[in-house]
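Below is one structure; the comments refer to it alone.
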Amino acid sequence: MPSSPFLATGPSTTRVRDRRADLLVTLAALALAFWVTSGMWRDPNSRAITVNSSDQALFEWLLAFGGHALTHGENPLYTTLINVPDGVNLAVNTSITVYAAVFAPLTYLIGPPATFLVILTLNLAATAVAWYWLLSRYLVRSRLAAGVGALFIAFCPAMVSHANAHLNWTAGWLVPLLIWGVFRLRRPGRAVTGGIVLGLLVAAAFSIAAEGLFFTALALGVFLAVWALHPARWPEVRAALPRMAAGLGVTALVAGALLAYPLWLHFLGPQRFHGTGFDPLIHSEDIAAYGSYPRRSLAGWAGWGTSLAPNPTEENSFFGVPLLVLGLACFALLWWRADRAFRATLAALGVTAVVFAVLSWGPTVKWNGRRFDQTLPFGVLDNLPVINAALPSRLALVVAPVIGLLLAYAIDSLRARPPRRAVGVAWALGFVAALLPLVPTPLLTSVREPIPAFITSGAWQRYVPPDGVLTPLPLTVDVYPDGQRWQAYALAHRQSEFRIPAGFFLGPGGPEGRGRIGPVPRTFDSLMDQAGRTGLVPIITDGSIRESRADLRHWGVRAVVLPDRVHGAKYDVDEDALRRTATALLGEPERVEDVWLWRVPD
């Protein structure tokens, strides 16, 4: 075992690169990625992820808008196509600008839903391949060890749960590349070239997953602080410090130049906000979740899964007791066998895992669904800038790679110095008992409502002028994503642009100056939400009619559209109640193609 695996300068000259093992791991990664996303491959355009169709619609819209902005010379980080007239600051949202630009030809060729599915599947596979590359080339000698560690990290419960439509968090392939880029700076003569490469990686990571970049930087900071202060490492650190400092300076210059405008827009631009629109008390990790099993796993399929996560997309720990025990056993084995130098690495990994696990518990203690008043470290840090925009439960995402590294190191050590047969069998059974229940099962998918022919045929252009405003009923928000799906179709199929009020985005207007999902509600959209959600027509007065029509004038709406079937991301929507409510407010509609349409005078 290398005495300093995190700072190895390159592959060992004695290591024989087993191309067959590389191919097998790559094929396994692709097979698992297709397995997890298999429910959508049957028909990407008509199926949606059941538990998170709203985020799927958002990312499909981001892909369509990003390609449209690139080909039309528009600002990819700010738009007035949604939330008219104020617009949306996409720099404070997850804009995935790099993905939108790189995959723009594919988006125009096969459409946003299919492109979304391609990226999601490639994200999962690429995460496994990237971790395998880092492990097998720099950290461990055994390809088996590298494969087990990489596949666990890429398909751990947290990654599978975020595969429910999160193109940002499933881009885990960025993390091993960033780690490689940082430690590469210590090599002589790498300050400039290494700094440039790392600066480009940082800029790409900020565009795809800014929150993930922040967590990676924090985790590396904790790890390096503990590692560097260890007496066995201090002489090596002191010698490499000037080169690292110079390389990080180049990184800051390159990343700063590329991100100057996005960062200005993020912190000082219009429609910015501070903090987040999510409650950290809700989006914090239950301590008991660490020993529980996720729902999308063999254990969950067998009925052992729990619902301790804030929602199915945030099962950020859920390792199960056997894996926690195995992880501690691996740590103990490695510590017992390690020399003084490698113990510095183990200590740094252990401290990093504990720090991020505790921070993931949020402001106060929560055990098995019950909240206690005991304040935790995140409750003290939550008021700090940037940190107050992070969801504490997602800090648990740092723990999974640490466990994956321990698994890889342990297998590598056991293969290098095999124990007695009986002990070896016990270790093998321990790995099977810990990892087999966590094998993922496919994401839940369901049929979603088709985009109306009124949109796909371009008939809407007869009722809305170029760059005019059209709104579906109910107005587009996270639970009613149809408007952005329609707009994504129009942009990707090179129709004219139409704008919509509201939308699914993060913007200002939350409590205490924090953000919120979507705009602050007005009379018209509140009445429509009430009708669609409850199935009851609200009481309509002359005042509500005047206020609703004033809202439509404020947005500049020219056409109000109700399809025969409305997609509700969280619950069924009552289309009849919507039509009767809109009729009471706006008069009788006309039937156009497969929608009800109310014209709004200029």
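Quick check on this structure: which one of L326, L298, L376 is more than 13 Å from S284 (Cβ to Cβ) and open to solvent by less than 40 Å² (accessible area, probe 1.4 Å)? Steps first, answer last, please.
On the way: L298 fails: open to solvent by less than 40 Å² (accessible area, probe 1.4 Å); L376 fails: more than 13 Å from S284 (Cβ to Cβ).
Answer to the selection: L326.
Quick check on segment 107-117. Is at least one of its residues closer than 24 Å to Q56 by Cα, touching a strand residue (DSSP E or B) at 6+ places or on another chain (Cβ under 9 Å) and open to solvent by 10 Å² or more (accessible area, probe 1.4 Å)? Checked against the condition, which is being closer than 24 Å to Q56 by Cα, touching a strand residue (DSSP E or B) at 6+ places or on another chain (Cβ under 9 Å) and open to solvent by 10 Å² or more (accessible area, probe 1.4 Å), segment 107-117 yields at least one hit.
Among the residues of segment 185-204, those identified as touching a residue at least 24 places away in the same chain (Cβ under 8 Å) and open to solvent by 20 Å² or more (accessible area, probe 1.4 Å) are R186, R187, P188, R190, A191, V192, I196, L200, L201, V202, A204. Could you say which residue among P270, P312, P280 is outside any helix (DSSP H, G or I), more than 23 Å from the chain's Cα centre (by Cα), under 30 Å from N383 (Cβ atoms) and not aromatic (F, W, Y)? Of the residues listed, the single one that is outside any helix (DSSP H, G or I), more than 23 Å from the chain's Cα centre (by Cα), under 30 Å from N383 (Cβ atoms) and not aromatic (F, W, Y) is P270. Look at segment 476-504: where a residue is open to solvent by 10 Å² or more (accessible area, probe 1.4 Å) and a partner is charged (D, E, K, R), sitting 6+ places away or on another chain with Cβ atoms under 7 Å, you get V479/K570; R485/E60; E497/D467; R499/D467; F504/D478.
Report yes if T26 is farther than 19 Å from A154 by Cβ, surrounded by fewer than 21 Cβ atoms within 10 Å (Cβ to Cβ) and among the hydroxyl-bearing types (S, T, Y), otherwise no.
On the way: farther than 19 Å from A154 by Cβ: no; surrounded by fewer than 21 Cβ atoms within 10 Å (Cβ to Cβ): yes; among the hydroxyl-bearing types (S, T, Y): yes.
Criteria not met by T26.
Cβ-Cβ distances below 7 Å connect the following pairs, each with a first residue in segment 589-601 that is open to solvent by 60 Å² or more (accessible area, probe 1.4 Å), a second residue that is not in a strand (DSSP E or B), and a separation of six or more residues or different chains: E593/P452; E593/A453; E593/F454; E593/S457; E593/A459; W596/R579; W596/P589; R599/Y463. Being assigned to a helix (DSSP H, G or I) and open to solvent by 40 Å² or more (accessible area, probe 1.4 Å), is that true of even one residue in segment 556-574? No, there is no match, as no residue in segment 556-574 is assigned to a helix (DSSP H, G or I) and open to solvent by 40 Å² or more (accessible area, probe 1.4 Å).
Among the residues in segment 347-361, are any assigned to a loop (DSSP other than H, G, I, E, B) and either among the acidic types (D, E) or on the phi > 0 side of the Ramachandran plot (or both)? For segment 347-361, residues assigned to a loop (DSSP other than H, G, I, E, B) and either among the acidic types (D, E) or on the phi > 0 side of the Ramachandran plot (or both): absent. For the condition under 22 Å from the mean Cα position of the chain (by Cα) and modelled with pLDDT of 95 or more, Y261 does not qualify.
Listed here are the residues, each with its yes/no results for (1) touching a residue at least 60 places away in the same chain (Cβ under 8 Å); (2) more than 19 Å from A165 (Cβ to Cβ); (3) part of a loop (DSSP other than H, G, I, E, B).
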{"site": "W61", "(1), (2), (3)": "yes, no, no"}
{"site": "L70", "(1), (2), (3)": "no, yes, no"}
{"site": "L81", "(1), (2), (3)": "yes, yes, yes"}
{"site": "S95", "(1), (2), (3)": "yes, no, yes"}
{"site": "T107", "(1), (2), (3)": "yes, no, no"}
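Looking at R371, is it part of a helix (DSSP H, G or I) and basic (K, R)? For R371, the condition - part of a helix (DSSP H, G or I) and basic (K, R) - is not met.
The values are calculated or read from the model by the stated rules, or taken from the named source; none is laboratory data. No experiment lies behind these values; they were computed from the predicted model shown. With ideal geometry, Cβ positions are generated from the backbone for all residues, glycine too; neighbour counts draw on all protein chains shown. Note: areas computed on protein heavy atoms with side chains; ligands, DNA, RNA excluded. Shrake-Rupley method; radii C 1.70, N 1.55, O 1.52, S 1.80 Å.
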